[in-house]
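K.L.:
This is the structure I have questions about; it appears just below.
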Amino acid sequence: MNTETIKKFPDGFYWGAATASYQVEGGIENTDWAKAAREGRVPTCGRACDHYHRYEADFDIAKSLGHNAHRFSVEWARIEPEEGQFNEEAIAHYRNVLQALRARGITPFITLWHFTLPLWFSEHGGFERKDAPEIFARYCAYVVSKLGDLCEHFATINEPNVYATHGYLYGAWPPFRRLSIFGKKIGKEDGTSERARAHAAFSNIFRYFSVTKALALGHNRAYQEIKKNAPNVQIGIVKHVHYFYANSNPLNKLRARLMTYMQTERFMNRIKDHLDEIGLNFYRSTMYGDSKNYEYSDMGWKLVPEDIYGALMILKQYRKPIIISEAGVADHKDAFRALYIQKQVRAVHRALEEGIDVRGHMYWSLLDNYEWALGFEKRFGLVEINYETLERKIRPSAYVYKKICETNTV
Ligand code: BGC
């Protein structure tokens with residue numbers, strides 16, 4: 001890249017990577033996912049990366065890679081293993097995690113819930129329970145009351161629509177509800193919906209809508225409860241935005257608009273008055289009426305990192321600071337990750353130039369990890385994990401990202 005095109009980011013921009021508790025920590029057995037694994041419906045997570053015990057060494061790596069921020073999630077089932085009973089040891093652990101980050105000059109961003117539910121909650125209806133929003137808000141407020149002195153940024157929910165879609169329409173994730181329309185089942189084409197032995201019915205569409213509504217109510221309620229005692233913490237949502245667009249065909253344009261509304265705006269409109277910041281998770285885009293050829297990642301997702309710009313433009317309407325809370329690529333050969341990151345970061349800069357208030361970028365993920373119904377095969381990490389020995393090996397692309405982080409330029 002020649003020097004004329006170097007783009008500078010604002011001072012204090014957050015650069016780092018993200019993880020999620022269940023995907024990296026290991027040893028979490030009291031969740032809906034662990035139970036589903038025991039039943040053979042999803043892969044076993046087991047000790048994962050053993051990040052629960054190795055977080056200090058992992059943060060040393062993050063530090064050595066120039067990261068000044070880190071997003072991670074706390075595990076609800078560790079913190080509230082029985083309904084209404086909170087575990088002080090789990091809190092002490094996450095306080096140590098926060099202190100380890102701060103000691104390295106890394107600003108923490110906590111996600112309060114990233115897909116896995118404590119068994120006591122999932123076994124009694126999960127987010128279909130009438131009192132789910134209150135239960136969720138109580139949990140969130142408790143965690144912030146215990147960790148809020150060490151962390152300023154909390155997101156309540158990771159990807160509400162992705163959770164509800166996979167669990168209530170595709171049936172590939174707990175609680176394994178799958179939509180069928182006139183006997184035709186919709187679902188994932190990668191076989192995960194079949195292995196999950198999902199319950200298929202048309203009525204699951206109503207569950208999907210009621211769960212997404214409960215998630216929005218849960219977020220709003222959590223926001224209110226948290227703010228009562230911790231008015232200064234920044235509360236956000238982590239929203240997956242699939243960027244839909246179209247060629248000039250009006251029908252295609254309409255399709256793109258509808259999909260944007262259904263997958264992003266419908267939820268955001270419900271919570272927009274209870275938000276201090278927004279986390280954007282970006283992985284995918286769809287152009288209706290597209291005839292171009294693309295390259296694809298190991299997930300089978302087309303490689304268009306620059307489309308993050310379009311996703312940012314959709315979130316612009318909510319007029320809040322935005323953190324890219326996840327964006328990354330599964331690339332076991334590390335063949336295109338470096339270029340992917342560079343293109344993506346340049347697209348983020350383009351959005352900044354146009355006045356969108358982007359404050360940070362967290363690559364997904366710091367480590368290879370448990371990719372939900374797909375197990376450990378997909379490799380998103382800046383750092384490769386050998387699951388036999390748990391050895392960590394920094395991938396070459398991580399050094400390309402390091403240069404971006406350290407120079408605050410691309
Ligand atoms: C999720 C992560 C997941 C990643 C890659 C996001 O939807 O938040 O948990 O591993 O995408 O699929």
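The values are calculated or read from the model by the stated rules, or taken from the named source; none is laboratory data. The model shown is predicted, which means the values in this text are computed figures rather than measured ones. Note: ideal-geometry Cβ built from the backbone for every residue, glycine included; neighbour counts use all protein chains shown. Note: areas computed on protein heavy atoms with side chains; ligands, DNA, RNA excluded. Shrake-Rupley method; radii C 1.70, N 1.55, O 1.52, S 1.80 Å.
K.L.:
When the residues of the range 24-45 are filtered to those that are of a type outside the set (Gly, Ala, Ser) and in a helix (DSSP H, G or I), which remaining residue is most open to solvent (accessible area, probe 1.4 Å)?
P.N.:
The residue in question is Arg38.
K.L.:
Could you grab me the full set of residues in the range 88-99 that are open to solvent by less than 50 Å² (accessible area, probe 1.4 Å) and either within 28 Å of Thr212 (Cα to Cα) or touching a residue at least 40 places away in the same chain (Cβ under 8 Å) (or both)?
P.N.:
Those that are open to solvent by less than 50 Å² (accessible area, probe 1.4 Å) and either within 28 Å of Thr212 (Cα to Cα) or touching a residue at least 40 places away in the same chain (Cβ under 8 Å) (or both): Ile91, His93, Tyr94, Val97, Leu98.
K.L.:
Would you point out the residue of the range 275-314, among those that are in a strand (DSSP E or B) and among the small types (Gly, Ala, Ser), that is farthest from Ile157 (Cα to Cα)?
P.N.:
Only one residue tops the list, namely Ser285.
K.L.:
Kindly check whether there is at least one residue in the range 261-274 that is assigned to a helix (DSSP H, G or I), charged (D, E, K, R) and free of Cβ contacts under 8 Å to residues at least 24 places away in the same chain.
P.N.:
No: the range 261-274 contains no residue that is assigned to a helix (DSSP H, G or I), charged (D, E, K, R) and free of Cβ contacts under 8 Å to residues at least 24 places away in the same chain.
K.L.:
Would it be correct to say that Ala137 is assigned to a helix (DSSP H, G or I) and surrounded by 15 or more Cβ atoms within 10 Å (Cβ to Cβ)?
P.N.:
yes
K.L.:
If you take the residues of the range 319-333 that are under 18 Å from Glu384 (Cα atoms) and open to solvent by 30 Å² or more (accessible area, probe 1.4 Å), which of them is nearest to the ligand (Cβ to nearest atom)?
P.N.:
The qualifying residue nearest to the ligand (Cβ to nearest atom) is His332.
K.L.:
Between a first residue in the range 100-115 that is among the small types (Gly, Ala, Ser) and in a helix (DSSP H, G or I) and a second residue that is within 14 Å of the ligand (Cβ to nearest atom) and modelled with pLDDT under 95, which pairs have beta carbons less than 6 Å apart while being 6 or more apart in sequence or on different chains?
P.N.:
Matching pairs, first to second residue: none at all.
K.L.:
From the residues in the range 232-253 that are β-branched (Val, Ile, Thr) and away from the ligand (no atom under 14 Å from the Cβ), which one is farthest from Lys292 (Cα to Cα)?
P.N.:
Narrowing the range 232-253 to residues β-branched (Val, Ile, Thr): 233, 235, 237-238, 241.
With the extra rule that they be away from the ligand (no atom under 14 Å from the Cβ), the set shrinks to 233, 235.
Working: Val233: 45, Ile235: 40 Å.
Of everything passing the filter in the range 232-253, Val233 is farthest from Lys292 (Cα to Cα).
K.L.:
Restricting to the range 111-134, and then to whatever is of a type in the set (Phe, Trp, Tyr) and away from the ligand (no atom under 16 Å from the Cβ), can you tell me which residue is surrounded by the most Cβ atoms within 10 Å (Cβ to Cβ)?
P.N.:
So, considering only residues that are of a type in the set (Phe, Trp, Tyr) and away from the ligand (no atom under 16 Å from the Cβ), the one surrounded by the most Cβ atoms within 10 Å (Cβ to Cβ) is Phe127.
K.L.:
Right, next: Just the residues that are surrounded by fewer than 19 Cβ atoms within 10 Å (Cβ to Cβ), assigned to a loop (DSSP other than H, G, I, E, B) and of a type outside the set (Asp, Glu), please, taken from the range 340-374.
P.N.:
Gly355, Ile356
K.L.:
Just name the residue that is nearest to the chain's Cα centre (by Cα) out of those in the range 210-245 that are of a type in the set (Val, Ile, Thr) and within 30 Å of Glu306 (Cα to Cα).
P.N.:
Val238
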